[in-house]
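Trainee: Can you keep this structure in mind? I'll have questions shortly.
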Amino acid sequence: MIEKDEDKNIYVIEKNWQAYHSVDSCGGPSEIKIENKSVITDIRSSISGLEDSQCITRRVKEYHKAGQSVVESEGYLPYGGESEFMQTCRYHKNLLRVTQDINIRKGTTINRHFSVGSLNLKGKYVAFTVIPPAQHQSEGSEPYTRDIPDWKGKELMIGHWHRPPIAIIFHRKDGIDIEVGTGFDVWRWEENLGYHPESGSYKINLNKNGLEFIREPLACCEDFLPAQRNYRFTWHIAWNNENDKLTIPDHSKLYIPFKNAGQEVDFERLKRNLSETTEENAYLYLNIHRGLSWPDHSFAVPSSQAYCCELVSEELCWQSPLISRRLKKIVRRISEMDGVKGLILEGIQPGVCYNPSHVDKKDVMGLVHWDINPIFDFLSWLDNHVKDKFKVFLNPHEDERLPLPSLEGFFK
C-alpha cells in the first residue's frame, strides 16, 4: 500500500514495516521502520562527497505493478558537471530492490570517493554474516559470521573489503535480521568506474547509534576522470525476524516424478498419485536441482579460470533464462491439477557465476555475476501465480542453503 501526506511525501506501508520517501529527494528511502522501530536510515549515493540528497529533484513517482509497490525518482547535482541520479525502488513482501542509474557528465572528476547505497543501521547489533566477494569465493572463501563488540565510546571499523561482499546479513539483538546485497551485476561493482582493480571500499563502522555500512565502488587516492556515460548498479535490502519463523503445516510428502532421465515431469503419473492418495494435505516436493536434469550451459562457472578452461560446477546459475522458463511451465501445469495442497521447493540456492552469456555479454576471461535477481523474479511470479491455489515453501531441512531474509520472506 502506498500513501502520501499533505506534503506529498511517499509512504510504502505493509503489515509490519513502512518505508518513507521524501518528495524532495531523488534517492532514499530516507527511513525504513520495521515492527515500529526505525531500523534503516540515510540510504544514499554520492559523487566526491556530494550526496543525492543535495540534488535538484525533477520527479518522484509512485505506482503499483505486478504485486510490487514502485517508487521512481530523478534529479541532478547543481554542481560541477551536473551529474544525474535516477533510481527505481521496488518493494515486495520484505524486500526492497533498487536500480540506481548515475549519469556522469563529460568533464566530471571523481575526487577520491564514489558511493552507491551506503546506509545507517540503528539499534543494537550482535553479529553479521558475510557472503564473501566473488573473487574470494573462487579462491575458496565461504560464508562466515563475526561478532560485533559493544560500543565503548569511540567509532570502530569492524569490517573492510576492497571488493563488494555479495551480501551481508546484520543480526540485531531483538531478532531482526537485515540483509544488504549486491545485485546480479557484480562485474559493474568491481569495475571501479574503469579505475584500477581492487579500488573499491566497503566498510562497516560501529558507532553510538548502531552501524554504518559505507559502499564505495570507487575509493581512490587521487582525482579520477571516468568515461562519460550512465553507470547502473543494482542491489537490495531485505529484513526478517528470526523469532517469527514460519513453520510448515503437517502434511504428507508426494515427490514429483520425472521421466526421460529427468528431462521432464511425468504429469500423468503425478495425476494418478494425487488421485490415489488418501492423505488430506498432500504437499508436492519439487527438486529443482537434483530431480530435473539440465544442460551444461545452465550450470554456474565458478571462476574466471574455470571459464577459460570450459569447466562448470554442479550448481545451477539462475541467470540462464532456460531455468525460469522451464520452471514456469511446470508450475503452470501443477497449478491446474486437482488435489495439490502445497508445494515444497528444493534446490534454490543463489551463487556466483562467470559465464558471460548468462548476462548477454562477451568476455574472454568471463564476467562475474550473482544469480539472485532472477530468483527474485521467479519467486515474485510464483507468489502471484499460485497465491489463490496453494501454499509454497522452501524446504526447511536443506542444510546447504544459507537462510537469506530475502528468500525466506517470500514464504511468509
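Residue-by-condition table, conditions (1) within 26 Å of the chain's Cα centre (by Cα); (2) assigned to a strand (DSSP E or B):
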position: S38; (1), (2): yes, yes
position: T41; (1), (2): yes, yes
position: R44; (1), (2): yes, yes
position: S53; (1), (2): yes, no
position: R59; (1), (2): yes, yes
position: H64; (1), (2): yes, yes
position: V70; (1), (2): yes, yes
position: G75; (1), (2): yes, yes
position: G80; (1), (2): no, no
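Trainee: Restricting attention to the range 181-221, which residues are open to solvent by less than 10 Å² (accessible area, probe 1.4 Å) and assigned to a loop (DSSP other than H, G, I, E, B)?
Mentor: G183, D185, G200, P217
Trainee: Let me ask you something else. Across the range 6-31, what is the number of residues that are open to solvent by 50 Å² or more (accessible area, probe 1.4 Å), under 28 Å from D174 (Cβ atoms) and assigned to a loop (DSSP other than H, G, I, E, B)?
Mentor: So the answer is 2.
Trainee: Please identify the pairs in which a residue from the range 32-59 that is farther than 14 Å from D177 by Cα and open to solvent by less than 70 Å² (accessible area, probe 1.4 Å) has its Cβ atom under 8 Å from the Cβ atom of a residue that is assigned to a strand (DSSP E or B) and of a type in the set (D, E), counting only partners at least 6 apart or on another chain.
Mentor: Listed pairs, sorted by first residue: T41/E31; R44/E51; S45/E51; T57/E74.
Trainee: Just give me the residues in the range 374-387 being surrounded by 21 or more Cβ atoms within 10 Å (Cβ to Cβ) and not aromatic (F, W, Y), in sequence order.
Mentor: Across the range 374-387, the qualifying residues are I375, L379.
Trainee: Only one of these conditions is not met by T234: (1) open to solvent by less than 30 Å² (accessible area, probe 1.4 Å); (2) among the polar types (S, T, N, Q); (3) modelled with pLDDT under 90; (4) within 30 Å of E179 (Cβ to Cβ). Which number is it?
Mentor: (3)
Trainee: Could you count how many residues in the range 116-143 are of a type in the set (S, T, Y) and more than 18 Å from the chain's Cα centre (by Cα)? Steps first, answer last, please.
Mentor: Going residue by residue through the range 116-143, those that are of a type in the set (S, T, Y) are 118, 125, 129, 138, 141.
Subset that is more than 18 Å from the chain's Cα centre (by Cα): 125, 138, 141.
Looking only at that region, the number is 3.
Trainee: Next question, about the same structure. Exactly one condition in (1) free of Cβ contacts under 8 Å to residues at least 40 places away in the same chain; (2) surrounded by fewer than 17 Cβ atoms within 10 Å (Cβ to Cβ); (3) assigned to a loop (DSSP other than H, G, I, E, B) is not met by L292; state its number.
Mentor: With (1) free of Cβ contacts under 8 Å to residues at least 40 places away in the same chain; (2) surrounded by fewer than 17 Cβ atoms within 10 Å (Cβ to Cβ); (3) assigned to a loop (DSSP other than H, G, I, E, B) applied to L292, the lone miss is (2).
Trainee: Select from the range 63-104 the residues that are without any contact (Cβ under 8 Å) to a residue 60 or more places away in the chain and among the basic types (K, R) and write down the one among them that is nearest to H21 (Cα to Cα).
Mentor: Top of the filtered list is R90.
Trainee: Output the number of residues of the range 295-318 satisfying the condition of being surrounded by fewer than 17 Cβ atoms within 10 Å (Cβ to Cβ) and outside any helix (DSSP H, G or I). First the steps, then the outcome.
Mentor: So in the range 295-318, the residues surrounded by fewer than 17 Cβ atoms within 10 Å (Cβ to Cβ) come out as 295-297, 305, 308-311, 313-314.
In the following step, the residues that additionally are outside any helix (DSSP H, G or I) were identified as 295, 309-311, 313-314.
Matching residues across the range 295-318 total 6.
Trainee: Which residues, counting only those in the range 353-397, are touching a Gly at 6+ places or on another chain (Cβ under 8 Å) and under 30 Å from D338 (Cβ atoms)?
Mentor: Restricting attention to the range 353-397, the residues satisfying the condition of being touching a Gly at 6+ places or on another chain (Cβ under 8 Å) are 354-356, 370-373, 380, 383-384, 390-393.
Correct list: S380, D383, N384, F390, K391, V392, F393.
Trainee: Go through the range 102-130 residue by residue and tally those that are open to solvent by less than 20 Å² (accessible area, probe 1.4 Å) and assigned to a strand (DSSP E or B). Please lay out each step first, then the result.
Mentor: Let us first name the residues in the range 102-130 that are open to solvent by less than 20 Å² (accessible area, probe 1.4 Å), namely 102, 104, 108, 110, 114-119, 121, 125, 127-130.
Okay, now just the ones that are also assigned to a strand (DSSP E or B), so 102, 104, 110, 114-119, 121, 125, 127-130.
Of the residues in the range 102-130, 15 are open to solvent by less than 20 Å² (accessible area, probe 1.4 Å) and assigned to a strand (DSSP E or B).
Trainee: Step by step: first the residues of the range 319-336, then only those that are part of a loop (DSSP other than H, G, I, E, B) and in contact with a strand residue (DSSP E or B) (Cβ under 9 Å, 6 or more places away or on another chain), then the one that is surrounded by the fewest Cβ atoms within 10 Å (Cβ to Cβ). Which residue is that? Write out each step before concluding.
Mentor: Quick first cut of the range 319-336, residues part of a loop (DSSP other than H, G, I, E, B) only: 319-320, 336.
Narrowing further to those that are in contact with a strand residue (DSSP E or B) (Cβ under 9 Å, 6 or more places away or on another chain): 319-320.
Working: Q319: 25, S320: 22.
Going through the qualifying residues, I end up with S320.
Quick grid of which residues meet (1) over 30 Å from S320 (Cα atoms); (2) of a type in the set (S, T, N, Q); (3) open to solvent by less than 60 Å² (accessible area, probe 1.4 Å); (4) not in a strand (DSSP E or B):
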| site | (1), (2), (3), (4) |
| --- | --- |
| P149 | yes, no, yes, yes |
| K152 | yes, no, no, yes |
| M157 | yes, no, no, no |
| R163 | no, no, yes, yes |
| H171 | yes, no, yes, no |
| E179 | no, no, yes, no |
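Trainee: What is the residue count in the range 94-119 for residues that are farther than 22 Å from D185 by Cα and of a type in the set (S, T, N, Q)?
Mentor: Residues flagged as farther than 22 Å from D185 by Cα and of a type in the set (S, T, N, Q) within the range 94-119 amount to 3.
Trainee: Look through the range 248-289, keep the residues that are under 15 Å from R333 (Cα atoms), in a helix (DSSP H, G or I) and touching a residue at least 40 places away in the same chain (Cβ under 8 Å), and return whichever of them is most open to solvent (accessible area, probe 1.4 Å).
Mentor: Within the range 248-289, the match that is most open to solvent (accessible area, probe 1.4 Å) is K271.
Trainee: Among the residues in the range 200-220, are any closer than 17 Å to T145 by Cα and polar (S, T, N, Q)?
Mentor: For the range 200-220, residues closer than 17 Å to T145 by Cα and polar (S, T, N, Q): present.
The values are calculated or read from the model by the stated rules, or taken from the named source; none is laboratory data. Worth saying up front: this structure is predicted, and the values here are computed from it rather than measured. Because the Cβ atoms are built from the backbone with ideal geometry, glycine has one as well, and the counts that use them run over all protein chains shown. Each accessible area value is taken on the protein alone, full model and side chains, heavy atoms only, with ligands, DNA and RNA left out. Shrake-Rupley method; radii C 1.70, N 1.55, O 1.52, S 1.80 Å.
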